[in-house]
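Colleague: What follows is a single structure, and I will ask about it in a moment.
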């Protein structure tokens, strides 16, 4: 059972990296060369909302990336606008510019095409997998927060 547990951990990271490669291909197809795949994912996770950098960071998984650096680049290239926070003038919130919103819609269409390419059986399995991964997320989150030692054996996740 341990080998499946460890393989799952490895697969999660591999799948994320593969998805970033797919995102790079989508950007290449769109002839977008002033934003990279990680930045496109950050942009997509921002969507039409106006949020803080901290909130954006908790929404997505940006392996090996510096979100602040990527946001700075996206502001520089006109994908994101910075707005001073109404509640704290020392901080700011971010939102998509019209250029960013346009690219976000194109990424959304690309994701729709990818989903359409999957069969109903695969989509059903992805739904089941997502539910299992959510349970694993809760299990790891609880273990991390409580700094649990599994000397007595871990509690089973349900």
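Laboratory data are not the source of any read-out in this text; all were calculated from the coordinates shown. Because the structure is a prediction, the values reported are computed rather than measured. All Cβ positions, even for glycine, are placed from backbone atoms using ideal geometry, and neighbour counts span all protein chains on display.
Colleague: Using 0.36 nm per residue, how much length does the chain from residue 108 to residue 22 gain when fully extended, once their Cα-Cα distance is taken away?
Modeller: On the way: separation 86, 0.36 × 86 = 30.96 nm, distance 1.33 nm.
Difference between extended and current length: 29.6 nm.
Colleague: Expressed in nm to one decimal, what extension gain is obtained for the pair residue 10 and residue 90 from 0.36 nm per residue of sequence separation less their Cα-Cα distance? If you can, show how the numbers build up before the last one.
Modeller: Details: separation 80, 0.36 × 80 = 28.80 nm, distance 4.01 nm.
Gain on extension, residue 10 to residue 90, equals 24.8 nm.
Colleague: Something else about it: First measure r as the distance between the Cβ atoms of residue 50 and residue 77, then evaluate 1/(1 + (r/R0)^6) with R0 = 30 Å and state the FRET efficiency to the nearest 0.05. Display every interim value, and only then the final one.
Modeller: Values: r = 19 Å, r/R0 = 0.63.
E(calc), rounded to 0.05, equals 0.95.
Colleague: Fewest Cβ neighbours within 10 Å first, please rank 102, 10, 97 accordingly. Kindly include the intermediate steps, with their values, before the conclusion.
Modeller: Values: 102 12, 10 9, 97 16.
Lowest to highest Cβ neighbour count: 10, 102, 97.
Colleague: Could you point to the label whose value was computed as mean projected area of the Cα convex hull in nm² for the structure here, given [x] 12.7; [y] 8.1; [z] 12.2?
Modeller: The value matching this structure is [z].
Colleague: First check a/c for segment 67-107, with a ≥ b ≥ c the square roots of the eigenvalues of its C-alpha gyration tensor; if it is under 1.5, answer rounded, and if not, answer prolate when a/b is larger than b/c or oblate otherwise.
Modeller: Values: a/c = 2.81, a/b = 1.77, b/c = 1.59.
It is prolate, given that a/c is not under 1.5 and a/b is the larger ratio.
Colleague: Now for a different question. Given only helices, namely DSSP H runs of n ≥ 4 each adding -39500 (n - 2.57), what is the per-residue ellipticity at 222 nm of the chain, to the nearest 500 deg cm²/dmol?
Modeller: Details: 6 runs with 102 residues, N = 158.
Calculated from helices alone, the mean residue ellipticity at 222 nm is -21500 deg cm²/dmol.
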